[in-house]
Each structure stands twice: as structure tokens, then as C-alpha cells.
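Working notes for the structure below.
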Amino acid sequence: MLRIFLFFLCLYIFYLLFFSKKDPKKAKKQKFRVYHGAPQTPEPKNLIVGEMKRCPACGTFNPKSHAVEFQGEYFCNEECREKRV
């Protein structure tokens, strides 16, 4: 019984060594592919481009598109506008 088990074990190992379709050298090469050309960098999601205005109440800089305008001044929020008025 042990001889039969060892025989089939040797057959299985022989099959894995010589008839296996997976090549370990190719698998290693696929992990480290080199892409030619400029690297692609993702664009930041929260990128706000525009003129920055300083809040006269607290002194923080905010984008003009997000600021609250009141009498020619730009505030960061309604609370700062009420403090200044």
C-alpha cells in the first residue's frame, strides 16, 4: 500500500515539474512591468483653483468662489461676517 502511494506521489511531482503550465519566471516578470512614457498621476479630487481672499474677521484664506461676500469684503462663513458687522 505504501509503495502505491509513493509511486503516485512521484508521478504527481513529475507531472508538476514537467507538465505544469505555470512558469515561475514569467509570473515574476508580470509583477514588475515597466511602462514606457510619462507616469500617470491622478488629479487631486478637492483641487480648488481660483483667487484666494482673506477673511477680515479670522484671517484665513479661502477661495473666492466659496467665500461669502458682504459690502465688498469676502468672509469665510456667515459667523465671521456677523462678528465683523
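Please enumerate the residues belonging to segment 46-85 that are assigned to a loop (DSSP other than H, G, I, E, B), touching a residue at least 12 places away in the same chain (Cβ under 8 Å) and polar (S, T, N, Q).
Answer for segment 46-85, where residues must be assigned to a loop (DSSP other than H, G, I, E, B), touching a residue at least 12 places away in the same chain (Cβ under 8 Å) and polar (S, T, N, Q): T60, S65.
Mind listing whichever residues of segment 58-68 are within 29 Å of the chain's Cα centre (by Cα) and surrounded by 15 or more Cβ atoms within 10 Å (Cβ to Cβ)?
N62
To keep it simple, each residue is scored yes or no on (1) exposed (fewer than 11 other Cβ atoms within 10 Å of the Cβ); (2) at pLDDT 90 or above; (3) in contact with an Asp or Glu (Cβ under 9 Å, 6 or more places away or on another chain).
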site	(1), (2), (3)
F18	yes, no, no
K22	yes, no, no
K25	yes, no, no
K28	yes, no, no
I48	no, no, no
P56	no, yes, yes
F70	no, yes, no
Y74	no, yes, no
V85	yes, no, no
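The values are calculated or read from the model by the stated rules, or taken from the named source; none is laboratory data. Treat the numbers as computed from the prediction; the structure is a model and nothing was measured. FYI the Cβ positions are ideal-geometry reconstructions off the backbone, even for glycines, and counts take in every protein chain you see.
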